[in-house]
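The values are calculated or read from the model by the stated rules, or taken from the named source; none is laboratory data. Please read these numbers as outputs of a predicted model, since none were measured by experiment. Methodologically, a virtual Cβ is constructed for each residue, glycine included, from the backbone with ideal geometry; neighbour enumeration extends over all protein chains shown. The area values use the complete protein model at the heavy-atom level, side chains included, leaving out ligands, DNA and RNA. Shrake-Rupley method; radii C 1.70, N 1.55, O 1.52, S 1.80 Å.
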Amino acid sequence: MTEVLVVVEHSNGDVKRVSLELLAMAAGIGTPSAVVAGPGASNALATLTAHGAETIYVCDDAAIANHVVVPMVDLLAQLVNDKSPSAVLIPSSIDGKEIAGRLAIAVNSGIITDAVAVSSDCTATQNVFGGATIVQAKVTHGTPIITVRPNSIAPNEAAGAGTRVDVSVAISEAARATTVTNRVSVEKSGRPDLSEASIVVSGGRGVGGEEGFANVIEPLADALGAAVGASRAATDAGWYPHQFQVGQTGKTVSPQLYVANGISGAIQHRAGMQTSKTVVVVNKDAEAPIFDLADFGVVGDLHAVLPELTKLLQSR
Amino acid sequence: MNICVCVKQVPDSWAEKKLSASDSTLDRAAAERVINELDEYAIEEALRIVEAHGGEVTILSMGPAEATDSVRKAISMGANSGIHIVDDVLHGSDAVATSLVLAKALEGRNFDLIMFGCESTDARMSVVPAMVAARLNLPQMTFASKVEVNGTELRIHRATDYGYDEVVSALPAVVSVVEKINEPRYPSFKNIMAAKKAPLDTLSLSDIGVDAGAVGLATAWSQVASFADRPAKAAGTVVTDEGTGAAKIAEFLTTQKFA
Ligand SMILES: Cc1cc2nc3c(=O)[nH]c(=O)nc-3n(C[C@H](O)[C@H](O)[C@H](O)COP(=O)(O)OP(=O)(O)OC[C@H]3O[C@@H](n4cnc5c(N)ncnc54)[C@H](O)[C@@H]3O)c2cc1C
Ligand SMILES: Nc1ncnc2c1ncn2[C@@H]1O[C@H](COP(=O)(O)O)[C@@H](O)[C@H]1O
């Protein structure tokens, strides 16, 4: 079986769940090989091995993180040329999609973005038009380069050989064209990562303000062990940071459970949450389009319903 | 500062679907074609930069004959001229081919900045700007939530999952913008009139030196094998809160094993 390269997203070796999901997906196509690079890459070895990586290509060069996207593309292009993998799987994140785009040009290959499944012959399934249409697509030239959405498959718990292979890449002139001078993090909440969370509790204009998020939305999220999301109306008003916006121009989420509170369900919001497995809605307007997506909905005031619900959940 | 903004014409599928959601009627005739709304933020940012530093804004679009309307519309926000790449064989081109055509059209024109929206609302790939940067060998300054030009230096805030990165490069450069960067203006009457007479170059593939065999549906490096509508979701249960709404949700969550 030929190798399938999986691009690992991590922070100082702390592997993002989506990369483990991609290892499981790769196992359905060929032999999963992880590619992990940047500061702390070596710290990721144990986790990757435990989730089925047979080979782990490690590039521990911290300089990789100092330039936008290109060093990772150079590294992957080198591996694609050396190993002729049957596919490259990349998380559908901002960086992931741009890495995929440039890699396609570098190795003369077709590209598919936002797959939710990939079959053994590399046919990719995509949900397009906000999830309304399901497409089967295939790369017909070169090495299939496919970006995959988080929460598309469960990680594999069976260990692989985890053979470490050190690789290096020169920081090219093209890479040095951009320099990252500073990284600014919005404060960590201690809650699950929004794009990867299995439960998301979201608030919209109906939440009424910053305090509403702190006093009503966050406590419910914590009672469910969920991530917090927000509509654009809420992030634009400054009630919650932009990073938590769900929708066309925010994060695309596909959790097991999405709880939409005080959100009308504009098409741009739905584009980011339509493929959630189960949807619960609280909205005081029975005509709100978000109810079309609801598995369970309550027409009512979120300020009354949610604190009560939080209490009930906490008492279990 | 001479800036080119790449603009894609897309079907206004959002508005169409929104209608059906509110009153359950689908107006099929209303497949109106509009400027990709993310690109309006790029146009706005380009206009602000030339207002501060001088220079001109050119609109570039690849698309069918009717995309000319979108180029004129983009110009009417306050740009100076347009370039429209139109050719029958372009139909069905993928991102690899689109980036080739845009890069070839841009080659040798000496723009200081080439700007994009960060995503088209129909394809939603977010790859074309990075691909064009790769092809033109220019700095990739993408997903900008803030853009600052200082002489020959460019500084941006690049949106990330955890916040943003501060990134610096030289000019010329490729920039894509996210929607939170600004609030696009409405065209003024004066600019709408001016746009009607603004210079607009319509070019074919041979004009920009692209081989017809490199583009189009038949040669695309990724192909759709089949597609289907998502099966309609079974209608859920909706109850009106009469004091027991919370308890009912809790019960639902329990039966679904979420709590
Ligand atoms: C280019 C572009 C990109 C966009 N991208 C996004 C995106 O990524 N994500 C996104 O979300 N939007 C996006 N939008 C905006 C989108 O069109 C909507 O404006 C937005 O989603 C509305 O947010 P909302 O549902 O919170 O607010 P509203 O539409 O104002 O809805 C508020 C809802 O709260 C309900 N409500 C009020 N008070 C209460 C209460 N006490 N209890 C219960 N319910 C209550 C109301 O009945 C109403 O249904 C985008 C728009 C554009 C043009
Ligand atoms: N046919 C096109 N003509 C001009 N610009 C385009 C075209 N297709 C994509 N773009 C630009 O590339 C951006 C990203 O598109 P995409 O990679 O398809 O999501 C868009 O916001 C446009 O700025």
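When the square roots of the Cα gyration tensor eigenvalues are ordered a ≥ b ≥ c, the ratio a/c for chain B is 1.5 or more and a/b exceeds b/c, which makes its shape prolate. For segment A:173-193, a drop of 10 Å² or more in accessible area on going from the chain alone to the assembled protein chains (1.4 Å probe) is found at A:Ala174, A:Ala177, A:Thr178, A:Thr179, A:Val180, A:Thr181, A:Asn182, A:Arg183, A:Val184, A:Ser185, A:Val186. Need one word for segment A:142-272: rounded, prolate or oblate. Basis is the Cα gyration tensor (sqrt eigenvalues a ≥ b ≥ c); a/c below 1.5 gives rounded, then a/b vs b/c decides. Here segment A:142-272 falls in the prolate category. Each residue of segment A:1-102 gets 84 Å³ once the volume of the Cα convex hull is shared out per residue. Residues in chain B average 46 Å² of solvent-accessible surface per residue, probe 1.4 Å, ligands and nucleic acids excluded. Within straight-line reach of B:Lys104, meaning a Cα separation under 13 Å, sit the following aspartates and glutamates at least 8 residues removed in sequence or on another chain: B:Asp207, B:Asp211.
Segment B:178-213 and segment A:1-52 have their alpha-carbon centroids 43 Å apart. Projecting the alpha carbon convex hull of segment B:133-259 along each direction and taking the average yields 17.9 nm². Buried accessible surface for the B/A pair, both sides summed and rounded to the nearest 100, is 6800 Å² with a 1.4 Å probe. A full extension of the chain between A:Asp121 and A:Thr163 corresponds to an added length of 12.6 nm, given 0.36 nm per residue minus the alpha carbon distance. A simple spin-label model places the labels of A:Val186 and A:Thr133 3.2 nm from each other, with each point 7 Å out along Cα-to-Cβ. Label-to-label distance, B:Lys197 versus A:Asp301, with points set 7 angstrom from Cα along the beta-carbon direction: 6.0 nm.
Give me the percent of the accessible area of segment A:199-315 that comes from carbon and sulfur atoms, probe 1.4 Å, all protein chains in place. Answer for segment A:199-315 is 46 percent, counting heavy atoms of protein chains only. Bridgeable lysines around A:Lys311 (alpha carbons under 23 Å apart, same-chain partners fewer than 8 residues away excluded): A:Lys284, B:Lys248, B:Lys257. Based on Cα contacts under 8 Å between residues 6+ apart, chain A shows a relative contact order of 15 percent.
Looking at the protein assembly as shown, the DSSP beta bridges with both ends there are about 35 percent antiparallel.
A Gaussian network model of chain B, with springs between Cα atoms under 10 Å, assigns the largest mean-square fluctuation among B:Tyr186, B:Tyr162, B:Tyr41 to B:Tyr162. For segment A:3-176, the solvent-accessible area with a 1.4 angstrom probe is 32 square angstrom per residue. A crude spin-label estimate for the pair B:Thr255 and B:Thr240, with each label 7 Å from Cα along the Cβ direction, gives 2.1 nm.
An oblate overall shape is assigned to the protein assembly as shown, the ratio a/c of its alpha-carbon gyration tensor axes (a ≥ b ≥ c) being 1.5 or greater and a/b not exceeding b/c. Listed by chain and number, the lysines placed with their C-alpha closer than 28 angstrom to that of B:Lys180 are A:Lys16, A:Lys97, A:Lys188, A:Lys251, B:Lys8, B:Lys17, B:Lys18, B:Lys73, B:Lys146, B:Lys190; residues fewer than eight positions away on the same chain are left out. For segment A:3-176, the share of DSSP beta bridges that are antiparallel, to the nearest 5, is 30%. Helix-only arithmetic for the protein assembly as shown: the sum of -39500 (n - 2.57) across DSSP H runs with n ≥ 4, divided by the residue total, places the mean residue ellipticity at 222 nm at -8000 deg cm²/dmol. For the Cα trace of segment A:3-176, dividing Rg by the Kirkwood Rh returns an Rg/Rh value of 0.94. Comparing B:Ser169, B:Ala194, B:Asn182 along the charge dipole axis of segment B:154-200, the residue lying farthest to the positive side is B:Ala194, per the Cβ-charge model.
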